[in-house]
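The values are calculated or read from the model by the stated rules, or taken from the named source; none is laboratory data. Quick caveat, the model's predicted, so the values are computed rather than measured. Positions of Cβ are generated from backbone atoms using ideal geometry, with glycine treated the same way; all protein chains shown enter the neighbour counts. Heavy atoms of the whole protein, side chains included, go into the accessibility calculation; ligands, DNA and RNA do not. Shrake-Rupley method; radii C 1.70, N 1.55, O 1.52, S 1.80 Å.
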Amino acid sequence: MAGLEPPIIDLQSDDHFMGEALRLARRAFAGGEVPVGAVVVRQGRIIARAFNQVELLTDATAHAEMIAITQAEGVVGDWRLTDCSLYVTKEPCPMCAGAIVHVRLERVIFGAADPKAGAAGSALNLLQFPSLNHRCLITGGVREGECRQLLREFFGQQRGRQTTLPGAARGGPEGSMPADA
């Protein structure tokens, strides 16, 4: 087709960074973890990458967001991440939302909403809670279909398991995504 220029890939776009988070979520899935991936971006560059490791580390706080935030603080050399954005495949839970507010992330971009436990506007909105000292910009629904499908597939497999293994039961916010979401 003469006259058409090739498409430009925008490496600074929300779609691009969510793609990186999705790649990490697939690693979580492969390791038997709830498939959530997260990246922290500063000045157009990924400075931290993480995926859920609750089962691997036997640590209920080892959510992708928490691990990525800790990594980013190390890179920045400060606990304040005011010029950073977090991309995460599933809407943050209340624990992660609390950490996001405390580190003062500028923006949170998520894929799949979590109507039962999402703390970025679905069940509640801690990221913009009026009495807190910081509020984040929120963008939801980025690559939502892919993010939601990965969660559905994971929880479908979990329900299909015939035997209950120690640690196999998933509960709480990270495991709260409904199968029909």
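What the table below lists for this structure:
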quantity: Any hit, region 85-93, residues being touching a Gly at 6+ places or on another chain (Cβ under 8 Å), assigned to a helix (DSSP H, G or I), of a type outside the set (S, T, Y) and open to solvent by less than 40 Å² (accessible area, probe 1.4 Å); calculated: no
quantity: Yes/no for V75 being open to solvent by 10 Å² or more (accessible area, probe 1.4 Å), closer than 18 Å to I47 by Cβ and either in contact with a Pro (Cβ under 8 Å, 6 or more places away or on another chain) or aliphatic (A, V, I, L, M) (or both); calculated: yes
quantity: Members of region 119-149 found to be closer than 19 Å to A64 by Cβ and touching a helix residue (DSSP H, G or I) at 6+ places or on another chain (Cβ under 8 Å), listed by number; calculated: A119, A120, L126, L127, C136, T139, V142, R143, E146, C147
quantity: Residues of region 109-153 satisfying the condition of being of a type in the set (D, E, K, R) and part of a loop (DSSP other than H, G, I, E, B); calculated: D114, K116, R135, R143
quantity: Any pair with Cβ under 8 angstrom, 6 or more apart, that starts in region 32-59 at a residue that is more than 13 Å from K90 (Cβ to Cβ) and open to solvent by 40 Å² or more (accessible area, probe 1.4 Å) and ends at one that is charged (D, E, K, R) and part of a loop (DSSP other than H, G, I, E, B); calculated: R42/D83; Q43/D83; E55/E33; L56/E33
quantity: Among the residues listed as L124, L150, L137, L81, the single one being out of contact with any strand residue (DSSP E or B) (no Cβ under 6 Å at 6 or more places or on another chain), farther than 18 Å from R49 by Cβ, hydrophobic (A, V, I, L, M, F, W, C) and at pLDDT 95 or above; calculated: L124
quantity: Those residues of region 95-127 which are open to solvent by 50 Å² or more (accessible area, probe 1.4 Å) and touching a residue at least 40 places away in the same chain (Cβ under 8 Å), in sequence order; calculated: M95, P115, K116
